[in-house]
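S.K.: Supplied in structure tokens, the structure appears directly below.
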Amino acid sequence: MLELRPILSALWRHKVSALLIALQLGLTLAIVSNALVVMNERTERMSRPTGIAENDIVTFNFMAIPKDYDMYDAFRQDLDMIRSLPGVASATISNHVPLSGSGSASGFYTEPNKETGGLGANYYTTDEHFIDALGMKLVAGRGFYPEEVMKISPSSNDRPTIAVVTQKFADDLFPESNGNVLGKAFFNGGDDHPIKIIGIVERNLGPWPNSSIAGRGAFYPAITDRWFYYIVRAEPGQRDKVQKLVEEKLAERDGNRVINTHTIEEEKAQYYAGDNTMVKVLSGVVILLTFIVALGIVGLTVFWITQRQKQIGVRRALGATRTAISRYFLLENLMIAATGIALGTAAAQIFNGFLVREFEQPTLPLTITVACAVALLVVSLTAALVPALRAANISPATATRSV
């Protein structure tokens with residue numbers, strides 16, 4: 001307590017520089033705590049279970065050169081050939097690929113002829129192998145039989161009468177059913193054509209994992225020649241070999257087309273590229289701001305020690321121990337840091353309120369603010385420690401030197 005008065009007096013004489021360091025600490029706390037919330041939210045989003053065997057899946061599509069190309073015959077021959085290749089666990093055809101950022105969505109209803117207030121969800125057209133090929137888990141009901149898979153085109157009036165849906169689709173569309181939706185029917189927007197649910201898969205995030213409809217998916221037993229991808233699941237550890245082999249065999253079987261291929265990992269990395277970049281940029285900002293704060297504290301403490309060498313020498317001549325001298329500067333730094341952290345805590349909540357309101361960012365939990373405050377306090381005291389120890393080594397003879 002006896003040290004507080006001279007510390008406060010010294011801080012008042014250097015109030016501008018002390019206030020600048022406190023404001024710097026407060027601003028750093030506000031930015032770092034909100035950055036950590038955003039980074040944590042993005043990281044958790046990217047690490048969610050996708051519901052598919054993403055590490056083992058390769059996709060293929062092609063562009064036919066002849067104008068009168070028989071697409072459906074090519075589908076049949078290609079898939080029969082792909083499924084017979086070594087290392088291939090399963091293969092299917094679909095109009096879209098999960099995690100790719102490209103897909104189809106619509107509004108779905110529990111009653112016919114509705115056009116507003118529906119449930120948004122992704123939908124796929126595929127064949128009877130899709131559950132196995134995507135590595136999804138069937139939790140209720142069954143998949144499609146081969147005879148149930150239709151061939152449809154933009155000019156066709158044929159529409160599917162059955163579907164397999166994800167658990168999230170079932171829970172959100174029929175919230176009162178406790179997941180028991182097998183046999184229930186749903187309708188596409190503005191339509192009176194019922195589609196009966198025959199199976200439920202555990203999870204599939206769909207083509208847009210960051211969207212509000214992620215996880216809601218409906219799969220129809222149909223093949224279209226307008227948009228199509230071969231989705232091939234390789235045996236564990238065989239993906240790269242299978243990708244090369246399938247690409248070669250497709251080209252060998254029919255040279256009148258251009259083959260394109262991607263892995264699901266590549267599709268996922270491309271989709272999450274923005275999130276990954278944001279995490280890296282914010283990580284750099286956090287490290288840079290923390291370093292600048294530490295550098296500022298070191299510089300200010302060294303400056304004050306240089307100015308007070310005679311004063312420190314007098315205290316040492318009067319019997320002050322090295323520990324007392326070090327403690328003095330650490331307490332001085334602690335008071336500045338505590339002021340800055342108090343300002344930063346309030347600023348962090350105000351800043352987060354703006355982010356939540358304007359950009360729909362996650363709410364800043366108090367635990368993260370406290371953790372950041374403690375971390376900055378440790379950084380502040382650590383940064384002041386070396387200059388404080390240097391001050392403790394100033395000789396008492398300094399008091400006798402002229403200034």
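The values are calculated or read from the model by the stated rules, or taken from the named source; none is laboratory data. Quantities reported herein were computed from a predicted structural model and do not represent experimental measurements. Glycine gets a Cβ as well: all are built from the backbone with ideal geometry, and neighbour counts include every protein chain shown. Each accessible area value is taken on the protein alone, full model and side chains, heavy atoms only, with ligands, DNA and RNA left out. Shrake-Rupley method; radii C 1.70, N 1.55, O 1.52, S 1.80 Å.
S.K.: Once neighbouring chains are kept in place and the probe is 1.4 Å, which whole percent of the accessible area of region 215-354 is contributed by carbon and sulfur?
M.R.: Numbers: 4400 of 7040 Å².
It is 63 percent, rounded to a whole number.
S.K.: Another one. Based only on Cα atoms, what Rg/Rh ratio does region 255-403 have, Rh being taken as Kirkwood's radius? Provide the component values of the computation, followed by the final result.
M.R.: On the way: Rg = 25.0 Å, Rh = 19.4 Å.
Result: Rg/Rh = 1.29.
S.K.: Obtain the nm distance between the two label points defined at N260 and L355 by a simple spin-label model: each point lies 7 Å from its Cα along the Cα-to-C-beta direction.
M.R.: 3.6
S.K.: How many Å² of accessible area per residue for region 11-133, probe 1.4 Å?
M.R.: Heavy-atom SASA per residue in region 11-133 reads 44 Å².
S.K.: What size of dipole, in debye to the nearest 20, comes out for region 1-113 about its Cα centre when the only charges are +1 on Lys and Arg C-beta atoms and -1 on Asp and Glu C-beta atoms? Spell out each step's value before the answer.
M.R.: Working: 9 positive and 11 negative charges, 217 e Å.
That gives a dipole near 1040 debye.
S.K.: Over all directions, what mean area does the Cα convex hull of region 254-295 project, stated in square nanometres? Each step should come with its number before you reach the end.
M.R.: Numbers: hull surface 17.0 nm².
Approximately 4.3 nm², given one-decimal rounding.
S.K.: Could I ask something else about it? Work the Kirkwood hydrodynamic radius out for region 104-193: mean of 1/r over every pair of different alpha-carbon atoms, inverted, in Å.
M.R.: Details: mean 1/r = 0.0695 Å⁻¹.
Across region 104-193, the inverse of the average 1/r is 14.4 Å.
S.K.: Could you run the Debye sum over the Cα atoms of region 274-327, one equal point scatterer each and no solvent, and tell me log10 of I(q)/I(0) at q = 0.15, 0.16, 0.19 Å⁻¹, two decimals?
M.R.: -0.60, -0.63, -0.73
S.K.: Counting only DSSP beta bridges with both residues in the chain, tell me the antiparallel percent, nearest 5. Display every interim value, and only then the final one.
M.R.: Working: 31 of 44 bridges.
DSSP beta bridges in the chain are roughly 70 percent antiparallel.
S.K.: Please report, for the Cα atoms of region 338-378, the Rg to one decimal and the Dmax as a whole number; what are they, in angstrom?
M.R.: Both quantities, over Cα of region 338-378: 10.8, 33 Å.
S.K.: Another question about this same structure. Quick check: Cα centre of region 27-78 to Cα centre of region 183-241, how many Å?
M.R.: Region 27-78 and region 183-241 have Cα centres separated by 14 Å.
S.K.: Another question, if that's okay. Contact order normalised by length for region 157-229, with contacts defined as Cα pairs under 8 Å and 6 or more residues apart; what percent is it? The partial results should precede the final answer.
M.R.: On the way: 106 pairs, mean separation 29.5, N = 73.
Relative contact order for region 157-229 comes out at 40 percent.
S.K.: For the chain, give the magnitude of the charge dipole about the Cα centre (Cβ charges: +1 Lys/Arg, -1 Asp/Glu; no others), in debye to the nearest 20. Mind showing how you got there, number by number?
M.R.: Values: 38 positive and 38 negative charges, 710 e Å.
For the chain, the charge dipole is close to 3420 debye.
S.K.: May I pose another question? For the chain, which DSSP H helices look membrane-span-like by this rule: Cα extent along the axis of 30 Å or more and mean Kyte-Doolittle of at least 1.0?
M.R.: On the way: long enough: 15-46 (46 Å, 0.93); 273-307 (51 Å, 1.63); 322-359 (52 Å, 0.80); 366-392 (37 Å, 2.08).
Going by DSSP H runs, the hits are 273-307, 366-392.
S.K.: Per the Cauchy relation, a quarter of the hull surface: what is the mean projected area of the convex hull of the alpha carbons in region 185-280, in nm²?
M.R.: On the way: hull surface 40.2 nm².
That works out to 10.0 nm², a quarter of the Cα hull's surface.
S.K.: Also: Which value in Å is the Kirkwood Rh of region 141-188 over different Cα pairs? Please report the intermediate quantities before stating the final value.
M.R.: Numbers: mean 1/r = 0.0790 Å⁻¹.
For region 141-188, inverting the mean 1/r across all distinct Cα pairs yields 12.7 Å.
S.K.: What does the convex hull of the alpha-carbon atoms of region 38-195 project to on average, in nm²?
M.R.: Working: hull surface 50.4 nm².
In nm², the orientation-averaged hull projection of region 38-195 is 12.6.
S.K.: A further question follows. Compute the Rg/Rh shape ratio of region 232-330: radius of gyration over Kirkwood radius, all on alpha-carbon atoms. Intermediate results must be reported in sequence, preceding the final value.
M.R.: Numbers: Rg = 32.0 Å, Rh = 20.3 Å.
The Rg/Rh ratio comes out at 1.58.
S.K.: In deg cm²/dmol, rounded to 500, what helix-only [θ] at 222 nm does the chain give when every DSSP H run of at least 4 residues adds -39500 (n - 2.57) and the total is split over its residues?
M.R.: Numbers: 11 runs with 199 residues, N = 403.
So the calculated ellipticity at 222 nm is -16500 deg cm²/dmol.
S.K.: Once the chain is represented by equal point scatterers at the alpha-carbon sites, with solvent omitted, what log10 I(q)/I(0) does the Debye formula produce at q = 0.12 Å⁻¹?
M.R.: These q points yield log10 I(q)/I(0) values of -0.94.
S.K.: How large is the dipole of region 267-392 about the Cα centre if only Lys and Arg carry +1 and Asp and Glu carry -1, each at its Cβ, rounded to the nearest 20 debye? Display every interim value, and only then the final one.
M.R.: Values: 10 positive and 5 negative charges, 193 e Å.
For this selection, approximately 920 debye.
S.K.: If Lys and Arg each add +1 and Asp and Glu each add -1, what is the summed charge of the other residues whose beta carbon sits under 14 Å from the beta carbon of R253? Before the final figure, lay out the partial values.
M.R.: Details: positive: R76, R83, K249, R257; negative: D70, D73, D78, D80, E247, E248, E252, D254.
Surrounding charge for R253 is -4.
S.K.: Scaled to the compact-protein estimate 2.2 N^0.38 Å, what is the alpha-carbon radius of gyration of region 94-142, rounded to two decimal places? Kindly include the intermediate steps, with their values, before the conclusion.
M.R.: Values: Rg = 13.5 Å, N = 49, 2.2 N^0.38 = 9.7 Å.
Against the empirical 2.2 N^0.38 Å value, I get 1.39 for region 94-142.
S.K.: Sequence gap at least 6, Cα distance under 8 Å: using those rules, report the relative contact order of the chain to the nearest whole percent.
M.R.: Working: 700 pairs, mean separation 110.1, N = 403.
It rounds to 27 percent for the chain.
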